[in-house]
Amino acid sequence: MQTQGARGFQLSAAAPQAMSFPASRIFIRCDLFPEEFSIVVTLKVPNLPPKKNEFLLTVLAEERGPLLLGLSYSASKLHFLFLSEDASGAWQTRVSFRNMALTDNRWHTLVLAVSEGSFSLTVDCGLPIDITADVPFPATLSMQGARFFIGSRRRTKGLFTGLIRQLVLLPGSDATSQLCPSRNAELAVLSIPPILQGLTGKPEDNEVLKYPYETDVKVTLGSQPRCTQAEDAQFWFDAGRKGLYLCIGSEWISVLGGKRKLDYVEQHQNLFTNSETLGLEAFIVPEVGLFVATANRKTTSAIYKWTDGKFVSYQTIRTHQAQSWRHFTIGKRIFLAVANFEPNEKGQEFSVIYKWSPRKLKFTLYQRIATHSARDWEAFQVNGEHFLAVANHREGDNHNIDSVIYKWNPRTQLFEANQTIATSGAYDWEFFTVGPYSFLAVANTFNGTSTKVYSHLYIWLVGTFQLFQSFLTFGAADWEVFHIGERIFLAVANSHSYDVEMQVQNDSYIINSVIYELNVTAQTFVKFQDIPTCSALDWEFFSVGEDYFLVVANSFDGNTFSVNSIIYRWQGYEGFVAVHSLPTFGCRDWEAFNTTAGSYLMYSSAKEPLSKVLRLRME
């Protein structure tokens with residue numbers, strides 16, 4: 001089968017013994033299993049229920065004999081099993097690698113290296129996880145009369161249900177150096193069967209399709225026909241744009257999209273809010289719909305639902321000069337976290353996490369967390385564990401305080417403080433990954449005397465975030481990470497160049513914001529492009545067809561809040577080039593979203609109780 005650009009085998013549940021062979025096929029001159037070896041596996045595993053184990057590989061003694069060696073996994077662990085013996089008898093030893101995120105329905109390549117009592121696991125060419133066991137791997141594990149089973153333990157229980165692409169036993173060597181580093185670490189190759197090599201997506205030259213099928217389909221050609229009940233479930237092929245569409249209800253839904261290009265931007269909706277809006281968060285609740293949460297300056301923020309092509313009021317939540325919302329999920333649970341800037345009526349400073357109630361179809365209070373003039377929440381996962389980072393802006397007049405990273409405790413079902421990081425007027429967190437590495441960037445705005453401060457990028461190493469790189473920024477208000485092909489960019493929105501010792505100048509708001517690009521060879525981000533901005537507070541990256549765009553929230557030019565925000569288009573060697581100028585007033589935040597009807601941008605104003613939804617019109 002092929003999925004996510006690669007082929008793998010799916011094993012038959014009806015015949016678990018079909019993928020087996022006698023150990024004598026491998027152990028010809030010596031019956032002893034090697035004392036040092038590597039097992040290389042490339043697999044794709046669906047979500048597993050708790051407490052269920054599946055086997056990748058087992059070696060069993062003849063008939064109903066014991067398990068001599070095995071490799072299995074559960075929802076969060078990988079287990080290596082082997083038979084140990086001494087004068088008192090035999091027993092099974094298990095070495096378990098915990099907090100593994102293998103059951104995410106994505107491809108992963110594992111290298112298990114064994115050497116006496118040392119067991120090392122490398123996932124997707126990341127940092128190795130080393131375990132030193134009390135019981136070493138036996139030097140005299142006999143394979144005489146044994147049998148290998150691929151994807152099972154001889155019976156149907158515990159049968160491997162995912163896809164397997166590579167399974168290699170390499171004696172006497174740690175195979176990691178033969179696979180890593182790799183440009184595609186999840187599919188790093190040591191040895192795979194020829195039938196799994198290459199992709200089926202594009203037939204070469206005039207090769208016929210390898211997996212033909214037949215169907216009876218009616219397709220309409222020409223200009224766009226009407227889509228009514230009579231045309232329901234019919235296809236329309238737009239020959240000009242090479243797009244295939246399916247009529248559902250009264251709309252043509254893209255099945256195979258033609259090449260779309262952004263033509264112009266038009267106003268779609270004026271969304272009047274009860275006060276100025278400092279942040280937007282668009283999200284989807286499965287089987288319910290599309291929502292946007294607005295972080296409003298006064299004591300009530302709101303959630304709006306997309307209904308009949310417009311956002312309509314759905315729920316109000318009491319907040320205290322809310323700065324931003326963050327939507328995230330843990331399993332099937334859906335959460336919204338609000339960053340409150342001011343204390344409540346009792347003088348207590350709390351930011352709050354709300355949980356979606358499937359019964360009430362509303363968000364309800366879940367957890368309060370003490371914060372200090374919070375500006376932003378960032379939700380992310382590292383090695384299958386869930387985290388929340390809060391940007392604490394100041395405590396009283398002191399901007400040089402700790403921001404906090406919280407970790408989800410599955411036992412208490414609450415977030416608990418895990419790490420503090422010193423920040424200076426923190427405004428925004430941005431999490432991203434590069435291959436197996438996890439990064440967290442903070443936008444530092446003000447240190448008490450100047451906006452000319454360093455913002456920092458941290459890397460996850462040995463269970464904590466550690467400093468990786470620093471950037472000189474000027475009132476940094478936002479980081480935005482994005483990918484174009486295999487290139488990785490990081491854009492910072494600089495808002496103000498100010499120092500208490502210098503006289504305030506109106507042009508101190510008209511400064512460059514900067515786009516950095518990751519130099520993989522140098523392992524650092526380097527400046528790619530300066531873009532002049534007017535007190536920029538937000539970047540938003542989005543794509544239309546094969547084109548990539550950045551829109552900046554310009555908020556103030558030193559004289560007026562009526563400043564145009566700009567859409568920039570990626571033009572390769574030229575970098576990002578301005579293509580659309582959008583009138584905005586005190587623009588604070590941008591959010592891009594899509595519906596079946598089209599693509600949209602939404603912006604919030606920090607200076608008037610009005611947000612606007614703009615529609616992207618295509619050529």
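The values are calculated or read from the model by the stated rules, or taken from the named source; none is laboratory data. Predicted model only: the values in this text are computed from it and were never measured. Cβ coordinates were reconstructed from backbone atoms using ideal geometry, including for glycine residues, and neighbour counts include every protein chain displayed. Heavy atoms of the whole protein, side chains included, go into the accessibility calculation; ligands, DNA and RNA do not. Shrake-Rupley method; radii C 1.70, N 1.55, O 1.52, S 1.80 Å.
One table, with the values for the structure above:
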quantity	calculated
Which listed residue, of 272, 328, 341, 335, is farther than 30 Å from residue 244 by Cα and either surrounded by fewer than 16 Cβ atoms within 10 Å (Cβ to Cβ) or of a type in the set (Ser, Thr, Tyr) (or both)	272
Total residues in the range 119-172, condition over 16 Å from residue 53 (Cβ atoms) and small (Gly, Ala, Ser)	8
Among the candidates 416, 378, 430, 385, residue that is surrounded by fewer than 17 Cβ atoms within 10 Å (Cβ to Cβ), at pLDDT 95 or above, under 17 Å from the mean Cα position of the chain (by Cα) and not aromatic (Phe, Trp, Tyr)	385
Strands (runs of 3 or more DSSP E) wholly inside the range 180-265 that include at least 1 residues being modelled with pLDDT of 75 or more and either open to solvent by 50 Å² or more (accessible area, probe 1.4 Å) or not polar (S, T, N, Q) (or both)	235-238, 243-248, 251-256
Qualifying residue in the range 118-130 (condition: within 17 Å of residue 30 (Cβ to Cβ) and at pLDDT 90 or above)	no
Unique match (being farther than 27 Å from residue 577 by Cβ, surrounded by 21 or more Cβ atoms within 10 Å (Cβ to Cβ) and β-branched (Val, Ile, Thr)) among 451, 464	451
Hits in the range 276-312 (condition: surrounded by fewer than 15 Cβ atoms within 10 Å (Cβ to Cβ) and over 20 Å from residue 366 (Cβ atoms))	287, 289, 298, 307, 308, 309, 310, 312
Every residue from the range 467-477 that is open to solvent by 10 Å² or more (accessible area, probe 1.4 Å) and in contact (Cβ under 8 Å) with a residue 24 or more places away in the chain	468, 469, 474
Selection status of residue 533, open to solvent by less than 60 Å² (accessible area, probe 1.4 Å) and over 21 Å from residue 428 (Cα atoms)	no
